[in-house]
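For reference, the structure discussed in these notes is given below.
The numbers here are math on the coordinates, done by the rules we state, and not lab data. Computed from a predicted model, the values in this text were never measured in an experiment. Because the Cβ atoms are built from the backbone with ideal geometry, glycine has one as well, and the counts that use them run over all protein chains shown.
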Amino acid sequence: MQEYKQSMLLSEIWRRIIYRWKTVCIVLIISVLSALVVATVNGTNYSAKTVLTVNPLTINPFSTATANQQINIATERAILSSGEVARMAAKSLGEDISAALLSQNASIEAPQGSQVLTVTVVDSNAERAAQKANALATAYLAFRSEGASQVANTYIKAIDKRIAELDQAAKNGSASSLVLSDLINQRNDLALVAENPGRIIGFADASDLGSYPGITIYLAAGLTGGLILGLLAAVFKDRVSRKTENAQRLAERTGKKIISMTEPTDMEGIRWVVRSLQIDSGAQTRRHRRAIGVLSLGQTSETRFRALLAHVLEARNIRCHSQSLASVTPGDIDRGWPEGFEQNVWPEAGAVLIGIPPGIENARVAVLCDRFMDAAAIFVDASTPLLTVQRQLETCSGIDPESLCLVFVEKHRKRRERELWPVIRTEQAGEKMHTTTTVEST
């Protein structure tokens, strides 16, 4: 016998998950197959990386040397990520690709405090990924050079105008040669400012690219996600299920101790049921006779459980009488059955087994529990709805809770049951009123 009580929350959740291992496996297999399908459809992507340095541009001849050396790397990163640079790169590639798609597949990294930018492009073709990364880096340098040239040309025009004025003044003998020389040096510096906006120090190479994400990553994601989803599905299924499912769940929902039987013909389990029903082996008088109701809410009929109980009682030298309420008319129950009806049928019986088939109204069963039955054995299996069990317990509320035995039959093995059933043979040629059960041992 196994007795189950309500246990700790975490251990109970773990037991539910273990019980529903098939659900976990099904969800896991579906997730892995889905990941493999996605990997097959998407193919393998390649990640190409181009590294470049950014040089400071002196486009203001009147700024200090310190200011000229400063690089705002966040600004440069934004420029490299801009749509204009992407359009220039897409144009240089000469492919049927939009600037928006190129920007979408590219990512820019810029370590704070450095003058280094990294362009990473992901594509299903390794060579094309490398070409896109290099094209973006080249387009950025060209864009930066073009922007510097535009600003420098504005200063150069102003300096050229000033130099022309000084040349004219020199002809008149009033110009300063030192000022003129300084202006010429500034002009030369500005003319060269766009020549060195930066340089690529690491070109992307199609022969040295890693696959991303690859089938291995898809498989790992499918396994991890499937396991998590499987565990959640198992817990969710247990929460919404209306069936008894297992002995632990039955104990949790009813708050009662449960006797577990491995199968309907588990004689060891039946002996524990008899012990739980507290039948006195010395009770052979009407005064000590114990009336026991036998109910089956599962797939096995109560007739077989009643025959097994009778077999164990007879083996203990306890005389018993066994019959089904199907042999008693509803009118007799309403008139007070068995009082006044059964005196000649139950002489010196130590136990009376009353089988309660599913067709008997709960109201009549409740009346019998209130005024006649001393104990009850309720047999449940995994297919029994929990609501049915709870309603049956309410129906038997007239019986002392200590004499109410709730039994869970773990497996309904029809083949095994057919093999073992000849051990017990009952008279079932049409059960008549007041018939007794004959128990024979093999």
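Observations on the model:
- Between T40 and L101, the simple spin-label model (points 7 angstrom out along Cα→Cβ) gives 2.5 nm.
- Ordered by the count of other Cβ atoms within 10 Å of each Cβ, fewest first, Y140, Y46 give Y46, Y140.
- Estimated inter-spin distance, I18 and R335, nm [label 7 Å along Cα→Cβ]: 5.6
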